[in-house]
1. Please go through the range 317-344 and give me each residue that is of a type in the set (Gly, Ala, Ser) and more than 6 Å from the ligand (Cβ to nearest atom), ordered by number.
2. Could you list, in sequence order, all residues of the range 224-269 that are aromatic (Phe, Trp, Tyr) and touching a Pro at 6+ places or on another chain (Cβ under 7 Å)?
3. Restricting to the range 165-209, count the residues that are away from the ligand (no atom under 16 Å from the Cβ) and of a type in the set (Gly, Ala, Ser).
4. Starting from residues that are within 23 Å of Phe276 (Cβ to Cβ) and acidic (Asp, Glu), keep the ones in the range 47-91 and report whichever is modelled with the lowest pLDDT.
5. Somewhere in the range 281-288, is a residue touching a helix residue (DSSP H, G or I) at 6+ places or on another chain (Cβ under 7 Å), closer than 21 Å to Val209 by Cβ and either at pLDDT 95 or above or surrounded by fewer than 19 Cβ atoms within 10 Å (Cβ to Cβ) (or both)?
6. Regarding the range 37-46, can at least one residue be identified that is touching a helix residue (DSSP H, G or I) at 6+ places or on another chain (Cβ under 6 Å), outside any helix (DSSP H, G or I) and modelled with pLDDT under 85?
Amino acid sequence: MTASVTRLRRDAFSFLLGLGLLVAATIAATGNLTAPASAQTADQPAAESPTEGRVPGNVLGNQADSDFWRAVRQGERGRVSIPDARAGQLIQSEGDNWRAVRNGPVTVYGAWAMLGVIIVLAVFFALRGRIRIDAGPSGTTIERFNMLERTAHWITATSFIVLALTGLNILYGRHVLLPILGPEIFSAITLAGKYAHNFLAFAFMAGVVMIFLLWVRHNIPSRLDLKWLAVGGGLFKKGVHPPAGKFNAGQKLIFWAVVLGGISISLSGLALLFPFEMSFFGTTFAALNIFGLGLPTDLTMMQEMQLSQLWHGVVALILIAIVIGHIYIGSLGMEGAFEAMGSGQVDLNWAKEHHALWVNEMRSGSKPQAAE
Ligand code: HEM
């Protein structure tokens, strides 16, 4: 009797417990359960600690803190009420890539390109020596470049050389000059160099426009240029002189490198000089995409700035390497060349050997320029 009463009580207790659990589960499923004190809702203040797996800002979070900050780290943009909308991006991750490319390949390969050209020129000079006037100086001169042409050349050349030296200081100065000069002298030089770089850029642009206008008609590529190139312009063998007009194929290449490279450096330099005002890359990439390149066109202004800086540096380093070769052949490398840009008068035999067609043109033309 007593045993059966006890069993009955136990069965009744189990039944009530099961029923209780069932009711609780039903209420919870229909959402009528009261939230625990720690739960956060839209109208409750945010939890003090951001480590409880919720998004800050009084909202019911469905994103872990780690996901939230990862998105910020990867450049997610938010809204700001101040006028500078760029402040809505806390971290611009492409900056890492920009710095790695600038301080890595651009710096390293740029140095190798310049050093490589100097080594090649030294080897060439050791093997070939100074290229002489084969027939010897005639004693008669012919005007090669007038005052305007020489002015245009030297405006471009002097400004380019200062721009190159001050630009190289920006890239390599801290590795090369800073340890030698110490921080005070180095910073004074670098500050002065920065101003020189900014202002002389305009002289360089003016020079490039002048040489383009003065010389473009002499620099149109022709079939003759291929013949000149096929024999290396006669640079490697004494007595070989392929005919050329006012400018030979090598000089035409220098001309177009200076004009196109100069325009490219100028535009990217202007974008750096007036930050966040110009965006050339998005539009250029869009134009290039007609060749199916799939380049990104929706670039932020910060990305535009980073690309401008890299492009400016890369084109400048290439042009500096080319111009080192030009300076060599226009001075030490070839007898009689410098006078063309010095006094403007070159020896007739030099002119006949290097620019035979131009000499013929000058002599038969309506405006003979030969001078004794
Ligand atoms: C000390 C530096 C330089 C020297 C000694 C020099 C010398 C010369 C000479 C002698 C010529 C005429 C060649 C001829 O008669 O056929 C020339 C032409 C030219 N120079 Fe320079 N130059 C120098 C720097 C520069 C720089 C920095 C640039 C541009 C960034 C430049 C651009 C040109 C161009 C485009 C031509 C016409 C094409 C050519 O002859 O290659 N020069 N230079």
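The values are calculated or read from the model by the stated rules, or taken from the named source; none is laboratory data. Source: prediction; values computed, not measured. Every residue, glycine as well, gets a Cβ built from its backbone with ideal geometry; the counts of neighbours run over all protein chains shown.
1. Ala321, Gly325, Gly333, Gly336, Gly342, Ser343, Gly344
2. Trp228
3. 6
4. Once the filter is applied, the top-ranked residue is Asp84.
5. No, because not a single residue in the range 281-288 is touching a helix residue (DSSP H, G or I) at 6+ places or on another chain (Cβ under 7 Å), closer than 21 Å to Val209 by Cβ and either at pLDDT 95 or above or surrounded by fewer than 19 Cβ atoms within 10 Å (Cβ to Cβ) (or both).
6. Looking for residues that are touching a helix residue (DSSP H, G or I) at 6+ places or on another chain (Cβ under 6 Å), outside any helix (DSSP H, G or I) and modelled with pLDDT under 85, one finds none in the range 37-46, hence no.
Quick grid of which residues meet (1) acidic (Asp, Glu); (2) away from the ligand (no atom under 16 Å from the Cβ):
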{"residue": "Arg102", "(1), (2)": "no, yes"}
{"residue": "Met114", "(1), (2)": "no, no"}
{"residue": "Phe124", "(1), (2)": "no, yes"}
{"residue": "Glu143", "(1), (2)": "yes, no"}
{"residue": "Asn146", "(1), (2)": "no, no"}
{"residue": "Ala152", "(1), (2)": "no, no"}
{"residue": "Ile155", "(1), (2)": "no, no"}
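One line per residue, one yes/no per condition, for (1) without any contact (Cβ under 8 Å) to a residue 24 or more places away in the chain; (2) closer than 22 Å to Asn169 by Cα; (3) among the β-branched types (Val, Ile, Thr):
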| residue | (1), (2), (3) |
| --- | --- |
| Gly75 | yes, no, no |
| Val80 | yes, no, yes |
| Arg86 | no, no, no |
| Ser93 | yes, no, no |
| Pro105 | yes, yes, no |
| Trp112 | yes, yes, no |
